[in-house]
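Readers should treat all values here as calculations from the given coordinates under stated rules, not as data from a laboratory. As the structure is a computational prediction, the values presented were derived from the model and not from experiment. Note that we place each Cβ from the backbone using ideal geometry, even for glycine, and neighbour counts take in every protein chain shown.
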Number of protein chains: 2
Amino acid sequence: MARISESTVRRLSHYYRVLEEVHAEGKRMISSHRLAEREGVTSAQVRKDLSYFGSFGRRGLGYKVEHLREEIRSILGLDRRWRVALVGAGHIGSALLAYRGFAAQGFDVVAIYDRDPGRVGQKIAGLVVQDAAAIPGVAALGVDIGVIATPPAAAQEVAEALVAAGVHGILNFAPRKLFVPANVALRTVDMTMELESLSFALHQARAPRRRRARAGGE
Amino acid sequence: MARISESTVRRLSHYYRVLEEVHAEGKRMISSHRLAEREGVTSAQVRKDLSYFGSFGRRGLGYKVEHLREEIRSILGLDRRWRVALVGAGHIGSALLAYRGFAAQGFDVVAIYDRDPGRVGQKIAGLVVQDAAAIPGVAALGVDIGVIATPPAAAQEVAEALVAAGVHGILNFAPRKLFVPANVALRTVDMTMELESLSFALHQARAPRRRRARAGGE
DNA sequence: GTCCGCTTGTGAAAACATTCACCTGCGGCG
DNA sequence: CGCCGCAGGTGAATGTTTTCACAAGCGGAC
């Protein structure tokens, strides 16, 4: 299979979500055009994205909602459960634990780590916070994904500890570029950067450097 | 000025961060090569990104750290303060308020809204939570940016209320596609999607559809 | 059975982003 | 002063992603 772009994967996530909604509405079929409309993309984009993985529709009719949903579910690897370790039990970490959509999509948090002695030993969401020194223990827990919600200064070190313990996927919330081996998947959620990007767009719209004001995103 | 791509803006944010670090380390000059290295991009990329906005370096020497930092600060519109309204005082909203980097970068939360009567009237981070029905009031507060941290079902409605009240930038944390007028800048932080993208990468690495396993991101 | 309207799947084209490669300018050294 | 090594700026080349446009398949009407 050709390399799948990150954008395509992100859109698949969106399609999946739309399909769940449409399914809940009781619709049985959907066309690429209607799907695209609800997603804010073009219908060609939808068809192209799906074509990387196979032929799921029927000409003249569109896609069977339930079938396509299951296909995408399988493509995204959501037809299984993933074991997640959370490092950093501060504000962001706690908010993530409280977010119920987490488990609903198949991601089970099985361990929590923190460096702060004041937090170690506390119980959050049914789990006892372990000392960060115990991170190598994730290997024995069969953890697939590590979530880093530490201050930026600690993030790289934590990432390395997680990778050394056999984790192959990292979701980073610390506003810092992380370096991991090529066989480790890394995604970063950086709120600071998004705010700065908004700032840029608004700034440009008000005082464009040379020509056209431009704002809109996504 | 040619249209600046979102990727370029994101990298500018990163450069800015690296420059702050380098400045703290006491360095006065930095080459595109060193800057690129710390960012995980190529030096040509750094130079190209900067060239969209002007000539900030000196051949043979590199860039003056402090000067470049100030230039980027100005490009990103961080040389002023932005007024922010937060809608949704749940877990995510509270975590955002607790995040001190927010104000440090020039973003001041000046109002908080929530629909839940149990939360309205409570005081968070020095602000009294207002009823969501009062969102039109952001116009009088001179709010530039609205942050949406509501459940997905309410997000579109809130976005429309914010836009109607004159907000020109929206940062959305709800896992749902939002539609806003073209003159409104929108950025979405979607944790669910990032997790699904990780799931895809790990899934592919373990059971590639046809050929090469592939994982790494960013 | 044939025609018709609809919609997928997909090469080809266009748009966009990144990387290359080189010209130019700078400071330092002898 | 002239040469050398370094490093920025930038047009051209390359690579990637999106959009276009159309052939082909499908069900339904008659």
Quiz item: Counting only Cβ atoms, what residue of chain B lies nearest to the axis that sends chain B onto chain A, and how many whole Å off?
Solution: B:A95, 2
Quiz item: About its Cα centre, what dipole magnitude does chain B give when the only charges are +1 on Lys and Arg Cβ and -1 on Asp and Glu Cβ, stated in debye to the nearest 20?
Solution: 1100
Quiz item: Any idea how far the Cα center of segment A:121-143 sits from the one of segment B:148-185, in Å?
Solution: 37
Quiz item: If you rank B:I112, A:I135 by fewest surrounding Cβ atoms within 10 Å, what's the result?
Solution: A:I135, B:I112
Quiz prompt | Span from the segment B:90-104 Cα centroid across to the segment A:5-27 one, whole angstrom | solution = 29
Quiz item: If eta is 0.890 mPa s and T is 25 °C, what Stokes-Einstein diffusion coefficient results for segment A:58-184, Kirkwood Rh from Cα pairs, in µm²/s?
Solution: 156
Practice problem: Sort the protein assembly as shown into rounded, prolate or oblate with this rule: let a ≥ b ≥ c be the square roots of the eigenvalues of the Cα gyration tensor; rounded if a/c is under 1.5, and if a/c is not under 1.5, prolate when a/b is larger than b/c, oblate otherwise. | Solution: rounded
Quiz item: Which distances, shortest first and in nm, link B:E20 to the matching position in the other copies, using label points set 7 Å out along Cα to C-beta?
Solution: 3.4
Quiz item: Taking 1 over the mean of 1/r across every pair of different Cα atoms in segment B:1-128, what Kirkwood radius in Å do you get?
Solution: 16.9
Quiz prompt | Mean separation of Cα contacts under 8 Å, 6 or more apart, over the residue count of chain A: relative contact order % | solution = 12
Quiz item: What share of all Cα pairs of chain A, in percent, falls into each consecutive 5 Å distance bin?
Solution: 1, 6, 12, 14, 14, 13, 13, 12, 9, 5, 2, 0, 0
Practice problem: Label segment A:4-61 by shape, choosing from rounded, prolate and oblate, from the square roots a ≥ b ≥ c of the eigenvalues of the Cα gyration tensor; if a/c is under 1.5 it is rounded, and otherwise prolate applies when a/b is larger than b/c, oblate when it is not. | Solution: oblate
Quiz prompt | Pairs from A:K177/B:K123; A:K48/A:K177; A:K123/B:K177; A:K123/A:K177; A:K48/B:K177; A:K64/B:K177 whose Cα-Cα separation, in the structure shown, is over 28 Å | solution = A:K177/B:K123; A:K48/A:K177; A:K123/B:K177; A:K123/A:K177
Quiz item: In a GNM of chain A with a 10 Å cut-off on Cα contacts, which of A:V22, A:V84, A:V158 has the highest mean-square fluctuation?
Solution: A:V22
Quiz prompt | Degrees separating the helix A:152-164 axis from the principal Cα axis of chain A, which is the longest one | solution = 90
